[in-house]
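Here is the structure we will look at.
The values are calculated or read from the model by the stated rules, or taken from the named source; none is laboratory data. Please read these numbers as outputs of a predicted model, since none were measured by experiment. Cβ coordinates were reconstructed from backbone atoms using ideal geometry, including for glycine residues, and neighbour counts include every protein chain displayed. Calculation scope for accessible area: heavy atoms of the full protein, side chains included, ligands and nucleic acids excluded. Shrake-Rupley method; radii C 1.70, N 1.55, O 1.52, S 1.80 Å.
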Amino acid sequence: MDEEEGVSIDEIRLWTVPQLKAFLKKRKLKVSGRKDELVALVFAAKQVPSLAPEPTSDPSEERASKLEDLLMVRNTNLRLPNPDSLQDWEGEQKAITKWPPTMVLEIGQYLENIDNVPLKRRLLSDYKDGKGYSYSASGWVKEIQYNGIASDSDYCFLRTECWPSQNINNVPWKVWVSLHKKSGSINSTYCTCFAG
């Protein structure tokens with residue numbers, strides 16, 4: 001994303017705050033401030049060819065770092081296991097009664113906390129339009145599986161795979177969400193798509 005030439009300021013506004021900060025950090029530029037300030041700094045940096053990024057680690061390392069952040073339970077020191085390392089995933093038929101009570105309120109609260117305002121608006125609109133349900137009902141989303149992590153864990157995972165852009169010839173994206181078992185609150189979400 002940060003290597004694209006000729007990116008408009010409107011496109012940069014669609015970046016998340018962590019994406020903006022990562023772009024600036026690679027160039028050893030200021031990474032503090034409101035989102036509008038970060039957008040302006042990124043746009044300005046793109047206008048100066050001499051501000052090439054510092055050599056960075058492998059993109060897979062950056063993705064792994066992001067994944068590690070998502071496995072942390074917000075406002076605690078608790079780290080959840082990587083869902084890929086877990087065994088004994090249960091299918092919908094067997095485990096749907098174990099799913100947390102995640103309802104409209106919890107989903108709305110999670111979406112409302114997204115930093116990227118245009119993305120937040122689009123996702124809230126898609127959610128209100130019932131696009132997730134229609135994709136699932138149409139078969140674009142595979143079976144949802146459950147993993148309770150451990151009997152004494154307050155958190156669990158739900159995971160599935162879905163096809164990008166409703167194209168079943170593509171490799172499906174892997175998607176998971178970590179949830180609080182009793183409250184149904186969403187801790188974090190992850191997708192193997194480019195946006196993550």
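Would you say LEU67 is surrounded by 11 or more Cβ atoms within 10 Å (Cβ to Cβ), closer than 24 Å to SER8 by Cβ and either polar (S, T, N, Q) or at pLDDT below 90 (or both)? For LEU67, the condition - surrounded by 11 or more Cβ atoms within 10 Å (Cβ to Cβ), closer than 24 Å to SER8 by Cβ and either polar (S, T, N, Q) or at pLDDT below 90 (or both) - is not met.
Quickly run through segment 68-126 and pick out the residues that are of a type in the set (D, E, K, R), free of Cβ contacts under 8 Å to residues at least 24 places away in the same chain and closer than 14 Å to LEU179 by Cα. ARG79 - this is the single residue of segment 68-126 that is of a type in the set (D, E, K, R), free of Cβ contacts under 8 Å to residues at least 24 places away in the same chain and closer than 14 Å to LEU179 by Cα. Inclusion of GLU143 among residues that are among the charged types (D, E, K, R), at pLDDT 85 or above and exposed (fewer than 15 other Cβ atoms within 10 Å of the Cβ) is warranted. Screening SER32 against (1) modelled with pLDDT under 65; (2) not in a helix (DSSP H, G or I) leaves a single unmet condition, (1). Taken together, the residues in segment 77-103 that are β-branched (Val, Ile, Thr) and within 19 Å of TYR190 (Cα to Cα) amount to 1. Of the numbered criteria (1) free of Cβ contacts under 8 Å to residues at least 40 places away in the same chain; (2) open to solvent by less than 80 Å² (accessible area, probe 1.4 Å), the one TYR135 fails is (2).
Can you pull out every residue in segment 84-109 that is within 18 Å of the chain's Cα centre (by Cα) and open to solvent by 60 Å² or more (accessible area, probe 1.4 Å)? Hits for segment 84-109 are ASP84, GLN109.
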